[in-house]
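Reviewing the structure listed below.
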Amino acid sequence: MRTPLLAILTTSALGAAVLAGATSAAAAAPAGGGPVASTVPAAATAPATTPAGPAAAASFAGTVALSNCSGSLVRMPNSRSSDPALVMTNGHCIETGFPSAGQVITNQSSTRSFTLLNASAGSAGTLKASKVVYATMTDTDVTIYQLTKNYAQIQQSTGIAPLTLSATHPVQGHAINVVSGYWKQVYSCAVDGFAYRLKEDQWTWKDSVRYTPACQVIGGTSGSPVIDTTTGQITAINNTTNESGERCTLDNPCEVDQQGVVTLHKGTGYAEETYGIPACFTTGNTLNLAAAGCALPKPSGSR
């Protein structure tokens, strides 16, 4: 998990930020323990609806560019056009700095701006946040912003519809596109498998998606939507790469199985699943962490 590009973070432990235009950097990272099983080198590495199919998946329409990361304009499967719109990116891309392990942020004021892209990666307009609805780097790596406009208003002014978050688990072997609004580049590969636990520095993520070697994501791709080309829907959010084959350190995530055995995949990229997020949003795109089926981490002290 590379420190976001052009970020304002200054803590040396988070690593140096990569300037825009850099051609080599990893996407993101967190931590680990347990015996090392092996080091595996990788090869060079209504609601508005989203049309299904490979053509829709390869489009940049609905993706956004942040000042330091990538992201997407998203809707839940049951979102309505009159609901306040949402933008999704990584937890480590939030403007206030990396959340600590165990930290959950909800309903935090924000005036962040996003460049909304059209199908060919041109600018379709600027979106503005009103608040951070939810952000964490625990179990997953996600920030969800609420915008000042609803989906209908955005589509009327820009012609762009949101991307839909799939409510089903990603499928091993399915073709995927990692669509970076920051770099205006699409990385195409497949779901290679899943990491029971992915650890990097102080953070641990659950049931992470592992890419096949073709997706050699770089710094700035953090927060990119991972789109299943079969459905055209978002199945995960891009967040990290093991850069140098180190064991569970910053920018070098490791996989830990149910027996605690650690496996390293140097050069391999990962994403965090998003299928559990829709269960936590109820009518009107309202966050409800107590809703049935919602498994997102809750803030300290909440039930």
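The values are calculated or read from the model by the stated rules, or taken from the named source; none is laboratory data. Computed from a predicted model, the values in this text were never measured in an experiment. For neighbour counting, all protein chains shown are included, and Cβ atoms are generated from backbone atoms with ideal geometry for every residue, glycine included. In case anyone asks, the SASA skips ligands and DNA or RNA and just uses the protein heavy atoms, side chains included. Shrake-Rupley method; radii C 1.70, N 1.55, O 1.52, S 1.80 Å.
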Reported set for the range 133-157 where residues are outside any strand (DSSP E or B), hydroxyl-bearing (Ser, Thr, Tyr) and open to solvent by less than 40 Å² (accessible area, probe 1.4 Å) is 138, 140, 151
Please verify whether residue 7 is part of a loop (DSSP other than H, G, I, E, B), over 21 Å from residue 209 (Cβ atoms), open to solvent by 10 Å² or more (accessible area, probe 1.4 Å) and at pLDDT below 95, treating the condition exactly as stated. yes
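Give me the residue from the range 60-72 that is under 15 Å from residue 162 (Cβ atoms) and in contact with a Leu (Cβ under 6 Å, 6 or more places away or on another chain) and, out of that set, most open to solvent (accessible area, probe 1.4 Å).
Here is the first cut: in the range 60-72, the residues under 15 Å from residue 162 (Cβ atoms) are 60-64, 71-72.
Subsequent filtering for residues that are in contact with a Leu (Cβ under 6 Å, 6 or more places away or on another chain) retains 60, 62-64, 72.
On the way: 60: 25, 62: 0, 63: 0, 64: 0, 72: 0 Å².
Filtering the range 60-72 for residues that are under 15 Å from residue 162 (Cβ atoms) and in contact with a Leu (Cβ under 6 Å, 6 or more places away or on another chain), the one most open to solvent (accessible area, probe 1.4 Å) comes out as 60.
Of the residues that make up the range 159-170, is at least one modelled with pLDDT of 95 or more, hydrophobic (A, V, I, L, M, F, W, C) and more than 17 Å from residue 88 (Cβ to Cβ)? Full working, then the answer.
Within the range 159-170, the subset modelled with pLDDT of 95 or more is 159-170.
Checking the rest, the ones that are also hydrophobic (A, V, I, L, M, F, W, C) come to 160-161, 163, 165, 167.
Within this subset, residues satisfying the condition of being more than 17 Å from residue 88 (Cβ to Cβ) are none.
Within the range 159-170, none of the residues are modelled with pLDDT of 95 or more, hydrophobic (A, V, I, L, M, F, W, C) and more than 17 Å from residue 88 (Cβ to Cβ).
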All conditions in (1) assigned to a strand (DSSP E or B); (2) buried (at least 24 other Cβ atoms within 10 Å of the Cβ); (3) out of contact with any Phe, Trp or Tyr (no Cβ under 8 Å at 6 or more places or on another chain); (4) not basic (Lys, Arg) are true of residue 98 except (1)
When restricted to 160, 176, 234, the only residue under 21 Å from residue 115 (Cα atoms) and assigned to a strand (DSSP E or B) is 234
Checklist entry - Residues in the range 188-198: is at least one open to solvent by 60 Å² or more (accessible area, probe 1.4 Å) and in a loop (DSSP other than H, G, I, E, B)? => result no
